[in-house]
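First up is the structure itself, then whatever we jot down about it.
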Amino acid sequence: MNKINDNALSLHKKSIIIDMLNPSKITREYLLSMKKSGITASNITLAGAKHGDVAHIRNTPSDVIDDLTRFNRFIKDNNDIAIPIRYSADIEKAKAEEKIGIINGFQNSLPIREDLSLVKIYYNLGVRIIQLTYNEKNLVGGGCGDTSNSRLSEFGKMVVKEMNDLGILIDLSHVGDNTSLDAINFSKKSVAFTHANARALCNNPRNKSDSLIKLISSKGGIIGLVPISMFVTKNETNVKLDSLMNHANYMKKLVGSNYMGFGTDFMEGWTVEEVNSLLEVFPWEKNKVVNYVNELNSVTKLPNLTTGLMKNGYDNNEIQKIMGLNFFDLFKKICD
């Protein structure tokens with residue numbers, strides 16, 4: 001290794017590293033891979049993915065409650081390497097004990113249905129992050145694939161208020177522009193794009209406009225870089241880490257490194273059929289393949305992101321913020 005690589009690896013090992021979104025199938029083996037990667041904590045999708053022997057593919061309240069209960073038991077059964085994250089102190093504990101911190105999250109508000117009281121039930125089961133919509137329109141508002149570009153609904157405002165009151169972070173990664181605008185302005189607490197890039201560099205509906213990135217940061221929120229090729233560049237094959245760094249550099253210039261993080265959006269352990277099924281709700285991405293940046297296509301390669309930032313001139317303080325401290329501060333502000 002050269003000096004930059006050595007320095008980056010040393011910095012990575014001692015830093016709090018937080019993946020703002022990972023919908024991979026969580027098994028004990030995968031937890032060990034996460035541990036090897038240096039991750040301190042990760043926002044795990046618990047609606048629309050599978051974890052061990054628990055299938056999170058249903059959204060009825062009874063099913064979701066059952067799934068959350070079983071997933072929490074799975075983490076408890078693996079408490080020698082994993083710890084549930086409910087408050088910021090748990091993240092610090094995970095780092096001190098060299099365990100993987102697991103944040104329960106939803107990538108859709110569908111499990112709430114029309115019953116606002118369910119938000120507290122999910123909170124009590126450990127849910128700390130909820131994305132308002134997943135591409136399509138729902139009762140809360142419009143997704144990024146909603147051609148009508150719907151606004152945040154009156155029910156959506158009630159959901160946002162309840163999440164604010166309880167201490168659940170609002171995620172707008174797959175949310176449409178108008179609903180995002182409304183949610184950022186209506187929310188009394190900071191919100192996040194846990195996994196999205198700059199639309200100015202890659203014109204994909206899943207990416208975010210300069211105006212939204214500026215607005216979310218002006219209210220203390222952050223945006224997480226995502227290494228999925230189709231959100232990095234329109235030339236989707238053989239995409240290099242440098243292309244993702246272009247987004248990092250652009251966002252740093254736009255809003256500064258205090259408002260940046262990362263969300264890998266890895267789907268490790270998924271079958272081809274499951275990935276294809278997912279793409280059916282990406283109306284602009286049908287018949288495509290989910291590829292990742294070459295140097296960042298697996299959780300075990302996460303140290304390459306730290307190296308990439310260092311090679312692009314970010315100082316140690318900036319790198320530690322982007323790799324986890326910015327999200328740690330946001331999580332503390334929202335959930336404690």
³J(HN,Hα), Karplus 6.51/-1.76/1.60, whole Hz, each residue of segment 313-320, x for Gly, Pro: x, 6, 7, 4, 5, 5, 4, 5
Residues ASP67, ASP80, sorted so that the one with the fewest Cβ neighbours within 10 Å comes first: ASP80, ASP67
Amide H contacts under 5 Å for GLY176, placed H, 5+ residues apart: GLY142, GLY143, CYS144
For the chain, built as a Gaussian network whose Cα springs stay under 10 Å, the top-fluctuating residue of ASP165, ASP182, ASP115: ASP115
Per-residue Cβ neighbour rank within 10 angstrom, fewest leading, ARG113, ARG73, ARG86: ARG73, ARG113, ARG86
Cα shape, the chain, gyration tensor, a/c 1.5 rule: rounded
Descending principal axes extents, segment 197-258, alpha-carbon based, whole Å: 36, 21, 14
Estimated 222 nm signal from helices in the chain, with DSSP H stretches of n ≥ 4 weighted -39500 (n - 2.57), rounded to 500: -12000 deg cm²/dmol
Segment 121-197 - convex hull of alpha carbons, volume per residue in Å³: 83 Å³
Distance (nanometres) between label positions extended 7 Å along Cα→Cβ at ASP115 and ILE4: 5.4 nm
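Rule-based calculations on the coordinates, nothing more; no lab input. Every value quoted in this text rests on a predicted model; they were computed, and no experiment measured them. Please note: Cβ atoms are built from the backbone with ideal geometry, for glycine as well, and neighbour counts cover all protein chains shown.
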